[in-house]
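Have a look at the structure below before the remarks.
The values are calculated or read from the model by the stated rules, or taken from the named source; none is laboratory data. Computed from a predicted structure; not experimentally measured. Glycine gets a Cβ as well: all are built from the backbone with ideal geometry, and neighbour counts include every protein chain shown.
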Amino acid sequence: MAFLIFAALDDSFRWARLDALRDPHHFASLTRTLDKLHHSGLPLPLHSRQQDMLRLRFQLETQGVQQPEELQWMGECVDLAWEALNAVSYTPVLIHGDNIASNWMVNPQGEWRLLDFDYAARGDAWHDIATLIHEQLPTDDRWRDAIRAWRGDCSEADVARCRLYALVDDYHWTLWGMLNGVTSMRGLEFAKLGQWMLLRCRQS
């Protein structure tokens with residue numbers, strides 16, 4: 001078991017809001033923070049994001065959760081996406097797996113800190129970058145510029161890689177929301193999240 005110890009943040013740090021996360025001026029700082037995590041050399045979890053997804057599927061089945069018919073077809077698409085992603089060689093790193101606005105803090109100087117590693121996993125650094133871009137830019141017409149800003153160049157294969165990670169991530173949170181919609185005391189809140197992520201899956 002590994003433990004991460006964080007330095008206390010001073011009073012100038014505040015929870016990030018979606019408008020701040022989506023501000024293009026912050027993109028470089030956000031990716032630098034993720035790069036620092038990916039290159040930290042910290043011990044890697046034994047589980048991958050794909051394994052987490054399969055575990056969610058199994059839990060939905062064992063709990064007898066009613067699922068939309070289209071989710072089976074989406075699951076088949078996601079399996080094909082994972083097959084394509086796994087065919088690309090990469091060095092496994094510690095990924096955060098949930099870099100939404102509420103898991104970031106920022107101060108007036110534009111320094112960002114990442115919180116909440118409940119869903120960290122072993123994976124591809126592109127996963128975190130793709131989901132960050134997906135949160136920042138819901139439509140993919142500017143994804144090429146974002147990828148180029150992160151790594152200096154951008155190929156069509158890079159764009160496809162990001163799109164596939166965006167799809168599998170939306171699907172993951174769809175399953176998570178549906179499961180917690182019936183198992184959590186905050187069921188309605190999580191069920192709404194599942195429905196919202198299902199909508200994003202359709203658009204991916």
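Mind checking which residues of segment 133-152 are touching a helix residue (DSSP H, G or I) at 6+ places or on another chain (Cβ under 7 Å), within 17 Å of Thr33 (Cα to Cα) and either of a type in the set (A, V, I, L, M, F, W, C) or surrounded by fewer than 19 Cβ atoms within 10 Å (Cβ to Cβ) (or both)? Answer for segment 133-152, where residues must be touching a helix residue (DSSP H, G or I) at 6+ places or on another chain (Cβ under 7 Å), within 17 Å of Thr33 (Cα to Cα) and either of a type in the set (A, V, I, L, M, F, W, C) or surrounded by fewer than 19 Cβ atoms within 10 Å (Cβ to Cβ) (or both): Ile133, Glu135, Ala146, Ile147, Ala149, Trp150. Can you confirm whether segment 8-20 contains a residue that is surrounded by fewer than 12 Cβ atoms within 10 Å (Cβ to Cβ), touching a residue at least 12 places away in the same chain (Cβ under 8 Å) and over 30 Å from Ala157 (Cα atoms)? Looking through segment 8-20, at least one residue is surrounded by fewer than 12 Cβ atoms within 10 Å (Cβ to Cβ), touching a residue at least 12 places away in the same chain (Cβ under 8 Å) and over 30 Å from Ala157 (Cα atoms).
Would it be correct to say that Val182 is modelled with pLDDT of 95 or more, among the β-branched types (Val, Ile, Thr) and under 23 Å from Leu56 (Cα atoms)? Full working, then the answer.
Working: modelled with pLDDT of 95 or more: no; among the β-branched types (Val, Ile, Thr): yes; under 23 Å from Leu56 (Cα atoms): yes.
Against the criterion (modelled with pLDDT of 95 or more, among the β-branched types (Val, Ile, Thr) and under 23 Å from Leu56 (Cα atoms)), Val182 does not qualify.
Please indicate, with yes or no, whether at least one residue in segment 172-190 is of a type in the set (A, V, I, L, M) and in a loop (DSSP other than H, G, I, E, B). Scanning segment 172-190, I find at least one residue that is of a type in the set (A, V, I, L, M) and in a loop (DSSP other than H, G, I, E, B), so the answer is yes.
Residue by residue, here is whether (1) under 20 Å from His26 (Cα atoms); (2) surrounded by fewer than 19 Cβ atoms within 10 Å (Cβ to Cβ) holds:
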{"residue": "Glu69", "(1), (2)": "no, yes"}
{"residue": "Cys77", "(1), (2)": "no, yes"}
{"residue": "Ala87", "(1), (2)": "no, yes"}
{"residue": "His96", "(1), (2)": "yes, no"}
{"residue": "Met105", "(1), (2)": "yes, yes"}
{"residue": "Ala120", "(1), (2)": "no, no"}
{"residue": "Ala130", "(1), (2)": "yes, no"}
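When segment 51-87 is filtered for residues that are farther than 22 Å from Trp126 by Cβ, free of Cβ contacts under 8 Å to residues at least 60 places away in the same chain and part of a loop (DSSP other than H, G, I, E, B), the ones remaining, listed by number, are Gly64, Gln66, Glu69.
Can you say whether Ala130 is without any contact (Cβ under 8 Å) to a residue 60 or more places away in the chain and farther than 23 Å from His38 by Cβ, as far as the supplied structure shows? Before the answer, list the steps.
Working: without any contact (Cβ under 8 Å) to a residue 60 or more places away in the chain: yes; farther than 23 Å from His38 by Cβ: no.
Criteria not met by Ala130.
Here Ser155 qualifies as out of contact with any helix residue (DSSP H, G or I) (no Cβ under 8 Å at 6 or more places or on another chain), small (Gly, Ala, Ser), surrounded by fewer than 19 Cβ atoms within 10 Å (Cβ to Cβ) and under 27 Å from Cys77 (Cβ atoms).
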